[in-house]
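**Q** Please read through the structure below; I'll follow up with questions.
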Amino acid sequence: MRRFFISPEELKENPPAISGPEATHITAVLRMKVGQRVTLFDGTGRDYDAAILSMSKKRVVFRILGQGSFPVKPFAPVTIAQALLKDGKMDLLVRQLTELGIFELLPFSSERSVANPDPARMATRRNRWEKIVLEALKQCGRNIPLHIGSYTSFPEILVLGNQFVHKILFWEKEETPLQFPSPPFQDEPRLVLAVLGPEGGFSDREVSCAREYGFVTASLGPRILKAETAAVAASAILQYLFGDLFPQGLS
């Protein structure tokens, strides 16, 4: 069944309706018909069984038939802090982290960052990421969007690490793999923070600073991974240890 995002404001309309590009996609691209069943999700964790009640070129009206399945959400919150990558790489990473069920993405600048956009450019990139997240939600069945934090700096990420139970910096020069951590506390709002570097990796000075802030450095194996590959590999490992890739987490 097709899935579509409907904002909480649109959902409150009587009857609920989707307008704009999403409505055009339903009518002109998918060529759906009145009476067809769909799933609507509002980004808060709820989804709804619905049927198309009426449609025009830029507006589709629905009849809600009932609340759908239980929200597909992470077993435990995993946050990825990623040094900003070039446009296409970061766009793909946003989609992949959404599909993997990562709770939060924190983009930041580091010493060797290639991409360093000005505020206007960063706002444009963020708007594009939010659209990518919604498209990925429709495809993967997730109901709660990936939260994307404000663009920040590496020192600020280190300070933010004080809010997390586990904080890990993945580094290509580290030889020790991630040690099996202690069982998570399910009521912790921020459980795991993983920090990954840019295309050129972290400097020795940055790694030393991270260790001073209590970060554990870990390897992702004997091969040197591209930055965007490293983030996906780390996410999969952490989702296995803490998230929903392993049915019972570490409990």
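**Q** Would you calculate the volume per residue, in Å³, of the smallest convex hull containing every Cα atom of segment 3-67?
**A** It is 70 Å³ per residue.
**Q** Quick one: angle between helix 87-100 and the longest Cα principal axis of the chain, in degrees between 0 and 90, rounded to 10, please.
**A** Its long axis makes an angle of about 80 degrees.
**Q** Please compute the contact order of the chain in relative form: average sequence separation of alpha-carbon pairs under 8 Å and at least six residues apart, divided by the residue count, as a percent.
**A** Worked out over the chain, it gives 20 percent.
**Q** Further, regarding this structure: Just report the Cα centroid separation between segment 75-125 and segment 1-70, whole Å.
**A** Answer, in whole Å: 29.
**Q** Still on this structure: Using a Gaussian network model of the chain whose springs link C-alpha atoms within less than 10 Å, name the residue from Gly221, Gly101, Gly20 with the highest mean-square fluctuation.
**A** Its mean-square fluctuation being the largest, the pick is Gly20.
**Q** Any idea which of Leu100, Thr44, Leu238 is furthest toward the positive side of the dipole for the chain, if Lys and Arg beta-carbons carry +1 and Asp and Glu beta-carbons -1?
**A** Of Leu100, Thr44, Leu238, it is Thr44.
**Q** Neighbouring Cβ atoms within 10 Å as the yardstick, rank Val216, Val60 fewest first.
**A** Val216, Val60
**Q** How would you rank Arg128, Arg95, going from fewest to most other Cβ atoms within 10 Å of each one's own Cβ?
**A** Ordered by Cβ neighbours within 10 Å, fewest first: Arg128, Arg95.
**Q** Now, a different point. Using amide H atoms built 1.01 Å from N in the peptide plane, name the residues 5+ places from Ala81, or on other chains, whose amide H lies under 5 Å from its own.
**A** Leu106, Ala194, Val195, Leu196
**Q** Work out, in µm²/s and without decimals, the Stokes-Einstein translational diffusion coefficient of the chain at 4 °C, 1.567 mPa s, Rh from Kirkwood over C-alpha pairs.
**A** The calculation lands on 66 µm²/s.
**Q** Just want the answer: with Cβ charges of +1 for Lys and Arg and -1 for Asp and Glu, which residue in Leu158, Ala83, Ala136 is farthest toward the dipole's positive end in the chain?
**A** The listed residue farthest towards the positive side: Ala136.
Values in this text are rule-based calculations from the coordinates and carry no lab data. Note that this is a predicted model, so its numbers are computed, not measured. Using ideal geometry, Cβ is built from the backbone for each residue, glycine included, and neighbour counts are taken over all protein chains shown.
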